[in-house]
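Q: Next up is a structure, given as structure tokens.
The values are calculated or read from the model by the stated rules, or taken from the named source; none is laboratory data. Please read these numbers as outputs of a predicted model, since none were measured by experiment. FYI the Cβ positions are ideal-geometry reconstructions off the backbone, even for glycines, and counts take in every protein chain you see. Accessible surface areas use protein heavy atoms only, side chains included; no ligands, DNA or RNA. Shrake-Rupley method; radii C 1.70, N 1.55, O 1.52, S 1.80 Å.
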Amino acid sequence: EPTPPAKTEGARERAKVLVLVLLGIILTGGVLLATPLTTQSGERTPVVDAIFTSTSAVAVTGLVTKDTGTHWNPLGQVVILVLIQIGGLGFMVGAGLLFQMARGGGTSIRQTLFMHDGSASLTLRQAASLARQIAIFTFVVEAVGWVLLTLAFSRDMGVGQAAWHGLFHTVSAFCNAGFDLQGNFQSLTAYDNSILMNVTVIVMVQAGALSFLVANDLWRVISTRWGSGPRARLQIDSKIILTGNLVLLGVGILSMLLFEWNGLLAGRNVGQRLMGATFQSAAARTAGFSTVAWDEANSVTEFVWLALMMIGGASGSTAGGVKIATVAVILIAVISAFRGETEADVFHRRIPAPVVMRAMAVIAFFLALHFTGTLLLASSEVFIGGADQNFIKLLFETMSALATVGLSTGITPDLTDSGKAVLCVMMFVGRLGPLTLAYALQMKSHQHRYRYPVGEVRIG
């Protein structure tokens with residue numbers, strides 16, 4: 001049946017409020033960061049750089065025009081940290097849940113936030129319980145990461161400073177933000193040989209990128225293995241996400257080892273090269289942290305990472321991109337078509353045709369945005385600004401912003417004000433766009449009481 005007008009109108013109102021809330025948080029953060037109270041020098045930060053930093057923090061991207069460790073004082077760093085936590089947890093989960101509860105809408109919160117078709121609607125009590133579980137999960141994981149990263153940093157600095165660095169980097173890693181306090185835009189390159197640092201950041205990033213729902217599903221399955229009752233099985237959504245994530249990790253590791261063995265990974269022994277490749281594949285794909293100098297990466301590696309960044313993490317997670325399940329659904333449909341099957345199926349489950357169509361729409365929307373953003377950035381920097389910029393780096397920087405990754409080839413601080421504005425829009429739309437589009441498409445979903453005659457169309 002067609003979607004009731006009241007329900008569609010309610011969806012539009014929810015989308016508008018979501019946009020306004022996000023803009024309000026960004027502007028508030030920008031105002032705070034523009035004041036001289038938040039800088040090391042005591043001078044005002046240009047408005048465009050303050051807004052850029054605030055947008056990057058709320059969108060949990062990590063691209064910066066001012067070095068976080070040297071430009072901002074402790075107050076400024078606290079503001080950035082709060083914005084990251086709001087962006088990673090509050091906006092994607094907490095704010096969405098609280099807003100839905102306040103509205104009292106009939107749409108499934110799980111569907112709204114996580115694109116999980118077919119889920120039963122949640123009551124207000126269930127929504128509050130889910131929000132509480134997500135918050136507990138987040139803070140427990142971050143607490144463990146804080147302890148471990150404090151130990152890692154304490155080898156090079158005092159306990160107090162190490163604790164602050166540990167807290168900042170833990171929240172930044174879990175929220176897939178990629179902000180760091182190391183100075184000189186060097187990310188975590190100084191800790192490329194630290195096993196504790198590498199492993200902890202990888203776990204934090206992956207925990208945030210896979211989402212609470214997948215972690216909760218895994219725990220549910222594991223816990224039933226210890227009891228005497230029936231054994232639970234992973235949901236189809238979790239299977240797709242976990243399988244897809246493993247494939248992406250493998251692709252990233254192999255690509256880094258193959259194309260950067262004598263490049264970014266040169267000068268290291270085999271174990272260190274493997275650790276470096278694993279870190280880039282796990283952390284640089286969604287969070288933007290790196291232990292290598294990406295401004296020295298070759299074009300082939302950058303091209304591979306364009307695809308990895310576009311895919312991102314799981315739906316409902318702190319990662320960006322079009323999401324693993326979205327791409328997986330398309331690949332499953334393609335494989336099914338090559339097999340001559342009329343429907344897409346995986347793990348002995350059928351994927352509804354409307355879900356495939358929505359996945360196609362999300363990816364098409366994302367690619368169109370990337371094309372437009374790259375065109376605007378190239379026009380701003382090359383055509384208008386007269387800069388001699390490598391086009392692959394412009395592609396890379398735009399994708400990093402749109403997919404809210406934060407990985408940079410080093411050109412962001414030197415962009416013109418108009419170029420920075422373009423990336424600001426990309427970060428904002430990239431954080432909000434895929435989620436809002438998926439929600440809008442879902443709200444418009446309806447079934448006709450009739451079917452048109454089949455029309456033959458030539459393809460290929």
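Q: Would you call T3 at pLDDT below 60, surrounded by fewer than 17 Cβ atoms within 10 Å (Cβ to Cβ) and in a helix (DSSP H, G or I)?
A: No: the conditions fail for T3.
Q: Then there's this: Do any residues in region 292-320 that are within 19 Å of D192 (Cα to Cα) and open to solvent by 30 Å² or more (accessible area, probe 1.4 Å) have Cβ atoms under 7 Å from those of residues that are among the hydroxyl-bearing types (S, T, Y) and part of a loop (DSSP other than H, G, I, E, B), where the two are at least six apart or on different chains, and which pairs are they?
A: Pairs that qualify, where the first residue is within 19 Å of D192 (Cα to Cα) and open to solvent by 30 Å² or more (accessible area, probe 1.4 Å) and the partner is among the hydroxyl-bearing types (S, T, Y) and part of a loop (DSSP other than H, G, I, E, B), are D295/T409.
Q: Before we move on, is R451 modelled with pLDDT under 95 and under 24 Å from A50 (Cβ atoms)?
A: no
Q: Return the pairs, sorted by first residue and then second, in which the second residue is open to solvent by less than 30 Å² (accessible area, probe 1.4 Å) and among the charged types (D, E, K, R), the first residue lies in region 238-260 and is within 11 Å of A277 (Cβ to Cβ), the beta carbons are less than 6 Å apart, and the residues are 6+ apart or on different chains.
A: Between residues of region 238-260 that are within 11 Å of A277 (Cβ to Cβ) and residues that are open to solvent by less than 30 Å² (accessible area, probe 1.4 Å) and among the charged types (D, E, K, R), the close pairs are G252/R285.
Q: Only one residue in T286, T278 is touching a residue at least 60 places away in the same chain (Cβ under 8 Å), of a type outside the set (G, A, S) and in a helix (DSSP H, G or I). Which one?
A: Exactly one of T286, T278 is touching a residue at least 60 places away in the same chain (Cβ under 8 Å), of a type outside the set (G, A, S) and in a helix (DSSP H, G or I), namely T278.
Q: Which members of region 377-395 meet the condition of being crowded, with 17+ Cβ neighbours inside 10 Å, in contact (Cβ under 8 Å) with a residue 24 or more places away in the chain and within 20 Å of E302 (Cα to Cα)?
A: Once the filter is applied, which keeps residues that are crowded, with 17+ Cβ neighbours inside 10 Å, in contact (Cβ under 8 Å) with a residue 24 or more places away in the chain and within 20 Å of E302 (Cα to Cα), region 377-395 yields L377, E381, K393, L395.
Q: Please state which one of A401, A359 is without any contact (Cβ under 8 Å) to a residue 40 or more places away in the chain, within 26 Å of A284 (Cα to Cα) and hydrophobic (A, V, I, L, M, F, W, C).
A: After applying the criteria, what remains is A359.
Q: Within region 173-204, how many residues are more than 17 Å from the chain's Cα centre (by Cα) and assigned to a loop (DSSP other than H, G, I, E, B)?
A: Within region 173-204, residues that are more than 17 Å from the chain's Cα centre (by Cα) and assigned to a loop (DSSP other than H, G, I, E, B) number 11.
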